[in-house]
1. If the requirement is being under 17 Å from the mean Cα position of the chain (by Cα) and in the same structural domain as residue 275 (by TED's automatic domain parsing), which of these qualifies: 72, 52, 65, 86?
2. Within the stretch 143-171, count every residue that is within 16 Å of residue 214 (Cβ to Cβ) and either away from the ligand (no atom under 12 Å from the Cβ) or not in a loop (DSSP other than H, G, I, E, B) (or both).
3. Condition test on residue 277, is it away from the ligand (no atom under 16 Å from the Cβ), closer than 24 Å to residue 128 by Cα, part of a helix (DSSP H, G or I) and in the same structural domain as residue 119 (by TED's automatic domain parsing)?
4. Only one of 10, 69, 89 is within 16 Å of the ligand (Cβ to nearest atom), touching a strand residue (DSSP E or B) at 6+ places or on another chain (Cβ under 8 Å) and assigned to a loop (DSSP other than H, G, I, E, B). Can you tell me which?
5. Please count how many residues of the stretch 173-205 are over 23 Å from residue 223 (Cβ atoms), more than 9 Å from the ligand (Cβ to nearest atom) and part of a loop (DSSP other than H, G, I, E, B).
6. Quick one: in the stretch 98-114, which of the residues that are within 20 Å of the chain's Cα centre (by Cα) and within 20 Å of residue 300 (Cα to Cα) is nearest to the ligand (Cβ to nearest atom)?
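The values are calculated or read from the model by the stated rules, or taken from the named source; none is laboratory data. On a predicted model such as this, the values are computed, not experimentally measured, just so you know. Don't worry about glycine lacking a Cβ; one is built from the backbone with ideal geometry, like all the others, and counts go over all protein chains shown.
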Ligand SMILES: NC(=O)c1ccc[n+]([C@@H]2O[C@H](COP(=O)([O-])OP(=O)(O)OC[C@H]3O[C@@H](n4cnc5c(N)ncnc54)[C@H](OP(=O)(O)O)[C@@H]3O)[C@@H](O)[C@H]2O)c1
C-alpha cells in the first residue's frame with residue numbers, strides 16, 4: 001500500500017511517499033481502508049520532535065511508528081476474530097496518537113480505542129477533521145468545568161482547537177467572546193461566537209467583561225496578560241507551555257494559592273469522546289472547519305502550510321479520490 005513514511009525526526013521533507021506492507025489486524029483490531037486523514041499540529045509535533053519529550057512516546061532515537069496521521073475516516077475492510085462491534089463495510093472515523101497510521105491507505109486500530117461509526121450526514125473529509133482539535137478543546141473545557149451562562153474567552157478562535165472550542169462552548173451554553181483576525185470575523189461569528197474581537201484593530205486585554213475561563217487555543221498569550229480579565233476564581237488554560245514552560249509551573253503553584261489559576265490538563269481521548277462528538281455532528285452542533293485539502297504526494301507542502309501557523313481550522317489529506 002502507499003503511505004507517507006518518516007524514518008527520522010526532522011523537517012517536512014523527512015516525510016516521503018513509499019510503498020509499504022499493508023498492516024494485518026490483531027484479534028482485537030479492525031483494518032480500516034483510509035479515505036481521508038488530516039495533517040495537523042499533532043502529526044507535525046511528533047514528526048519534528050520539536051519538544052524532545054514527545055520521543056519518550058514515539059521513540060528516543062527514531063520513530064517507532066513510521067506512518068503518521070492521527071485522524072482518520074474510512075471503511076472497515078477486515079475485522080480481527082474477537083471484534084464484535086464493527087463489521088466489514090462500516091464507515092468509521094477516529095483518532096490515534098499512539099500508533100497513528102492515517103497517512104497510509106490502510107491502518108489498524110483496536111476496537112476499544114477512539115473509533116466509532118461515522119454519522120450519516122457528513123463525508124469522509126469532514127469526519128477525518130472532527131477529532132483532533134475538538135478533543136483537545138473538550139479536555140480543556142471540561143477541566144475548566146464551564147457552566148451554562150458563564151463568560152468564556154477563546155483566544156485564537158481560528159485554529160483546529162479554537163474553532164472547535166467556540167462550537168463546543170456554545171453547545172454547553174457558555175457566552176463566548178472569540179479573538180481572531182479581520183478576515184475571519186464572519187467565520188467565527190458563524191461558529192456561534194457571541195462577541196468577536198478582531199485582534200488587528202482591538203486589544204482584547206481592554207475588554208470590560210470578566211471571564212470564568214480564558215482559553216488560549218493558539219498559545220500566544222500569557223497568564224500575566226489575561227489575569228486582569230479573569231473573575232475572582234477564573235481559570236486560564238493555554239495549548240502551549242508558554243515562556244520557560246511557565247504554564248506548567250503556574251499549573252502547579254496557582255491552584256495552591258486559591259483565586260485565579262492556571263490549569264494544564266494532559267490531553268486524552270476515548271471511544272466515549274468520539275461518540276460524544278459523533279452526536280454533535282449528527283445534530284449539526286459541531287461542524288469541523290476545513291481550510292485546504294492535499295493529496296498524499298503533496299505531504300511536504302501540507303506540512304509546511306500547517307506549520308506556518310496560518311491554517312484556518314483543519315487541513316485534510318485525501319487518500320481516496
Ligand atoms: N505539540 C503538539 O502535539 C500539539 C498538538 C496540537 C496542538 N498544538 C498546539 O496548539 C496550538 C493550536 O493548534 P491548532 O492546530 O488549533 O491551530 P494552529 O495551526 O496553531 O492555529 C492557526 C490559527 O491561529 C491563528 N492565530 C495565530 N496567531 C494568532 C494570534 N496571535 N492571535 C489570534 N489568532 C492567531 C491563525 O490565524 P492568523 O494568524 O491569520 O490570525 C490561524 O488561523 C498550536 O500552538 C499548536 O502548536 C500542539
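1. None of the others qualify; the one that does is 72.
2. 17
3. no
4. 69
5. 5
6. Restricting to residues being within 20 Å of the chain's Cα centre (by Cα) and within 20 Å of residue 300 (Cα to Cα), the top hit is 100.
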